[in-house]
Amino acid sequence: MKIIDGKKVSNEVLDEIKLAVQNRKKLNLKIPHLAAVLVGDDGPSQTYVNSKIRACERVGFESSLFQFDKSITEYELISEIEKINVNDDIDGFIVQLPLPKGINQENILNKVLPKKDVDGFNPINYGKMALGIETFLPATPAGIIELIKRYSIDLKGKKCLVIGRSQIVGRPISILLSQNKIFGNATVTVAHSRSNNLKEICLDSDMIISAIGIPEFIKKDMIKPGSIIIDVGICRVKDDNSLKGYRIVGDVDFESVYDKVSLITPVPGGVGPMTISMLLKNTLRASSLND
Ligand code: GUN
């Protein structure tokens with residue numbers, strides 16, 4: 001068994017959440033309600049938000065979509081966020097990123113009420129995450145950790161390379177895996193676009209978590225035999241043999257590395273589905289904190 005089946009684990013997590021919602025109903029507790037704020041017409045963002053809303057329906061959550069034209073000003077968007085902050089019906093919400101040019105992401109995330117910040121991007125929650133204090137963990141790193149736990153991967157003392165230093169994935173997962181937690185205690189290296197000798201660093205790593213968005217960048221000659229690969233990349237590449245004219249690939253050249261690894265997440269069906277189930281898990285927690 002080499003494949004880390006994120007689709008299967010995500011379905012298990014969603015089933016657990018659905019059960020928890022049914023139990024809440026029996027106890028006459030509030031149905032969790034997730035809202036999404038979507039600004040502009042970015043295609044992938046619309047797809048992600050739709051998937052989040054569909055997942056809410058599946059587990060029995062209530063959901064709302066607040067959609068705004070890309071012409072909305074930062075001031076107007078902040079006032080919309082403040083309305084959601086005080087709307088007692090909504091337990092948690094996300095502001096889908098990226099935001100259109102002209103809107104300062106930092107200013108917006110700063111306004112999301114920490115107790116409703118189920119993405120964990122408000123500086124208060126992000127700071128707690130960095131300090132190892134319990135809080136909402138950003139969904140993609142939380143999904144990676146859930147896979148590490150459910151596949152009983154012991155990273156204690158292992159060399160773990162994170163490629164990419166984004167605020168959404170690379171930075172938080174590098175912090176979390178170095179912490180003295182059951183899933184952590186790894187020796188973490190963060191590589192990025194300015195890193196020298198990336199191939200050598202990859203060859204020296206027991207686990208590689210790649211989140212750079214360059215299709216099939218990591219090849220067989222870059223990895224150590226028996227290493228574990230977590231591929232966070234999701235890219236469309238042209239494929240005339242496919243009905244859609246494209247296929248989805250990750251940062252890792254899956255076919256070429258497969259024989260050499262001990263465990264690997266496929267794309268699609270690896271980390272991607274986990275992101276949504278962990279967002280819903282955070283929302284369930286936000287709701288139960290209000291009980
Ligand atoms: N854009 C890409 N990933 C994410 C995410 O996890 N949350 C939000 N809000 N936007 C994203």
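Remarks
- Hits in segment 117-148 (condition: closer than 29 Å to Ile264 by Cβ, of a type in the set (A, V, I, L, M), out of contact with any Gly (no Cβ under 7 Å at 6 or more places or on another chain) and more than 15 Å from the ligand (Cβ to nearest atom)): Ala130, Ile148
For (1) at pLDDT 95 or above; (2) loosely packed, with under 14 Cβ neighbours inside 10 Å; (3) of a type in the set (Phe, Trp, Tyr); (4) in contact with a Ser or Thr (Cβ under 7 Å, 6 or more places away or on another chain), each residue gets a yes or a no:
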| site | (1), (2), (3), (4) |
| --- | --- |
| Val13 | yes, no, no, yes |
| Ala20 | yes, no, no, no |
| Asn23 | yes, yes, no, no |
| Ala36 | yes, no, no, no |
| Pro44 | no, yes, no, no |
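- Some residue of segment 74-84 being without any contact (Cβ under 8 Å) to a residue 60 or more places away in the chain, within 13 Å of the ligand (Cβ to nearest atom), closer than 22 Å to Ile17 by Cβ and not hydroxyl-bearing (Ser, Thr, Tyr): no
- Spans of helices (runs of 4 or more DSSP H) in segment 178-291 with at least 1 residues farther than 20 Å from Ser51 by Cβ and of a type in the set (Val, Ile, Thr): 198-203, 254-257
- Residue that is modelled with the lowest pLDDT, among those in segment 46-67 that are of a type outside the set (S, T, N, Q), over 18 Å from Ile17 (Cβ atoms) and under 16 Å from the mean Cα position of the chain (by Cα): Tyr48
- When residues in segment 158-208 are screened for being over 23 Å from Lys260 (Cβ atoms) and among the small types (Gly, Ala, Ser), 6 of them pass.
- Test: residue in segment 90-105 that is more than 14 Å from the ligand (Cβ to nearest atom), closer than 19 Å to Leu279 by Cα, of a type outside the set (Val, Ile, Thr) and modelled with pLDDT of 95 or more: yes
- Listed by position, the helices (runs of 4 or more DSSP H) inside segment 1-113 whose residues that are more than 28 Å from Ile234 (Cα to Cα) number at least 1 are 6-26, 74-85, 105-111.
- Among the residues of segment 46-67, the one identified as surrounded by fewer than 16 Cβ atoms within 10 Å (Cβ to Cβ) and either aromatic (Phe, Trp, Tyr) or touching a residue at least 60 places away in the same chain (Cβ under 8 Å) (or both) is Ser51.
- The set of residues in segment 203-227 that are within 21 Å of the chain's Cα centre (by Cα) and surrounded by fewer than 24 Cβ atoms within 10 Å (Cβ to Cβ) comprises Met207, Ile212, Gly213, Ile214, Pro215, Glu216, Phe217.
- Segment 228-240, residues that are buried (at least 23 other Cβ atoms within 10 Å of the Cβ) and either free of Cβ contacts under 8 Å to residues at least 12 places away in the same chain or more than 30 Å from Gly43 (Cα to Cα) (or both): Ile228
- Checked against the criterion of being free of Cβ contacts under 8 Å to residues at least 24 places away in the same chain and not small (Gly, Ala, Ser), the candidates Lys199, Lys281, Lys219, Lys260 yield just one match: Lys199.
- When residues of segment 165-176 are limited to those that are buried (at least 23 other Cβ atoms within 10 Å of the Cβ) and farther than 22 Å from Asn197 by Cβ, the one farthest from the ligand (Cβ to nearest atom): Leu176
- Any hit, segment 149-164, residues being at negative phi, part of a helix (DSSP H, G or I) and within 16 Å of the ligand (Cβ to nearest atom): no
- Neighbours by Cβ (under 6 Å, 6+ apart or cross-chain): first from segment 109-133, at positive phi and surrounded by 15 or more Cβ atoms within 10 Å (Cβ to Cβ); second at pLDDT 95 or above and outside any helix (DSSP H, G or I): Gly120/Phe136; Gly120/Leu137; Gly120/Pro138
The values are calculated or read from the model by the stated rules, or taken from the named source; none is laboratory data. From a predicted model like this one, the values you see are computed outputs, not experimental measurements. Virtual Cβ from ideal backbone geometry, glycine too; neighbours counted across all protein chains shown.
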